[in-house]
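Accompanying notes for the structure given below.
The values are calculated or read from the model by the stated rules, or taken from the named source; none is laboratory data. Nothing here was measured: the structure is a model prediction, and the numbers come from that model. We place every Cβ from the backbone using ideal geometry, glycine too, and count neighbours over all the protein chains shown.
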Amino acid sequence: MSTPIPHVTVEDARPRVDFSCCWRVDAEQRHVYRVPSHQFLFIESGRVYARTSRGECWAGPGELLCLKREPRNEYGYTGPTCYWEAHVTFVPPPRQALPLWLEGQPIPDRIVLGEHAPAVRTAFDTWCRELDRPGDLPRLRVLGALNDLLAAVTMALGREPSRRARADPWQRVRARLEGDFGAPLTVADLAAELNIGEDHVIRAFRRRFGLSPMAFRAQAKLRWASRELAEGRPVKEVAHQLGFADASAFARAFRRHFGVAPSDLHVAGMGTAPKPLPATDELSFPMNRHIQPPGATSPWFIWG
């Protein structure tokens with residue numbers, strides 16, 4: 001019997017938003033530090049990477065990084081980027097380093113929000129506008145925005161119990177094949193989740209979608225790669241994230257599927273400009289500065 005992993009539930013939580021901010025940066029930068037509890041990074045434009053004990057992951061526009069406390073936290077970016085940041089403590093010391101779980105499961109490092117991205121962006125905007133204001137009403141708005149963010153994350157992860165109960169199992173399989181391309185996934189994994197045989201998975205999926213599960217995943221990876229390259233992301237970086245042994249193997253697969261080299265698409269996308277936020281003088285909060293609650297003294301993190 002496996003030992004339960006210590007964690008915090010929503011029922012246990014006594015949350016506090018320690019700071020929030022919106023960053024617009026032009027140059028490559030790397031941040032090495034230690035998070036006391038949880039750090040959320042929502043990407044507006046550009047790309048942000050994070051290195052954790054589970055490896056490296058990249059997030060793009062409309063995606064969320066949820067970083068937990070580790071001996072060494074690191075994130076960064078390689079070019080013009082706009083992103084929102086917040087540090088949240090869910091329980092007071094000495095348990096503040098425990099990870100928050102949603103619906104009985106841990107929160108992954110990277111979350112593709114899809115249709116729920118606007119709700120998450122609104123939560124960050126609320127924090128930046130309300131967090132440094134005194135009084136009960138701003139505090140209630142801050143906590144309400146945190147609840148909205150966690151609800152959006154729960155739905156983006158497909159963990160809403162009522163939806164899970166009536167979801168089409170083959171649509172769930174399709175969603176698994178179209179997501180988290182950096183993680184290994186096999187037909188055996190899918191079969192175990194569905195509690196059926198591997199041959200059954202392959203036959204049923206092919207009848208439904210016209211391809212075997214792994215062929216479907218391979219094509220989904222290449223479609224995702226084409227979007228990344230069109231935004232100017234380096235070919236080697238995309239190949240590495242998709243698990244190709246080298247850029248040449250990726251280039252061959254890409255050319256077979258699309259009829260063009262990935263480098264052609266990358267060059268075409270180099271001039272793509274990120275979607276801007278409103279001009280700084282139109283915002284109701286300062287850019288590129290930590291916004292904190294009145295009287296806050298927490299150091300949030302240790303640099304180094």
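Within region 48-85, which residues are closer than 18 Å to E228 by Cα, of a type in the set (G, A, S) and at pLDDT below 90? Before you say what the answer is, go through the steps one by one.
So in region 48-85, the residues closer than 18 Å to E228 by Cα come out as 48-50, 56-65, 76-83.
Remaining after also requiring of a type in the set (G, A, S): 50, 59-60, 62, 76, 79.
Those that are closer than 18 Å to E228 by Cα, of a type in the set (G, A, S) and at pLDDT below 90: G60, G62, G79.
Let's see how each residue does on (1) modelled with pLDDT of 85 or more; (2) farther than 30 Å from H87 by Cα; (3) not charged (D, E, K, R):
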{"position": "E231", "(1), (2), (3)": "no, no, no"}
{"position": "P262", "(1), (2), (3)": "no, yes, yes"}
{"position": "A268", "(1), (2), (3)": "no, yes, yes"}
{"position": "G271", "(1), (2), (3)": "no, yes, yes"}
{"position": "P276", "(1), (2), (3)": "no, no, yes"}
{"position": "E282", "(1), (2), (3)": "no, no, no"}
{"position": "P286", "(1), (2), (3)": "yes, no, yes"}
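Residue count for region 1-55 under the criterion of being assigned to a strand (DSSP E or B) and surrounded by fewer than 20 Cβ atoms within 10 Å (Cβ to Cβ): the result is 14. Residues in region 82-127 that are within 26 Å of P293 (Cβ to Cβ), out of contact with any helix residue (DSSP H, G or I) (no Cβ under 9 Å at 6 or more places or on another chain) and not hydrophobic (A, V, I, L, M, F, W, C): Y83, H87, T89, P92, P93, P94, R95, Q96, P99, R121. Applying the set (1) more than 24 Å from P286 (Cβ to Cβ); (2) in the same structural domain as M155 (by TED's automatic domain parsing); (3) part of a loop (DSSP other than H, G, I, E, B) to G79 leaves exactly one unmet item: (1). On the stretch given as region 17-42, residues that are of a type outside the set (K, R) and under 18 Å from P286 (Cα atoms) total 11. V238: among the β-branched types (V, I, T), more than 17 Å from V173 (Cβ to Cβ) and not assigned by TED's automatic domain parsing to the domain that holds Y77, yes or no? Considered against the rule, which asks whether it is among the β-branched types (V, I, T), more than 17 Å from V173 (Cβ to Cβ) and not assigned by TED's automatic domain parsing to the domain that holds Y77, V238 comes out as yes. Only residues that are modelled with pLDDT of 85 or more and under 21 Å from the mean Cα position of the chain (by Cα): list them for region 243-253, please. Scanning region 243-253 gives no hits. Can you work out which of the residues in region 88-145 that are among the basic types (K, R) and within 16 Å of the chain's Cα centre (by Cα) is surrounded by the fewest Cβ atoms within 10 Å (Cβ to Cβ)? By that ranking, first place goes to R121.
Mind checking whether some residue in region 33-47 is aliphatic (A, V, I, L, M) and modelled with pLDDT under 90? Yes: one or more hits.
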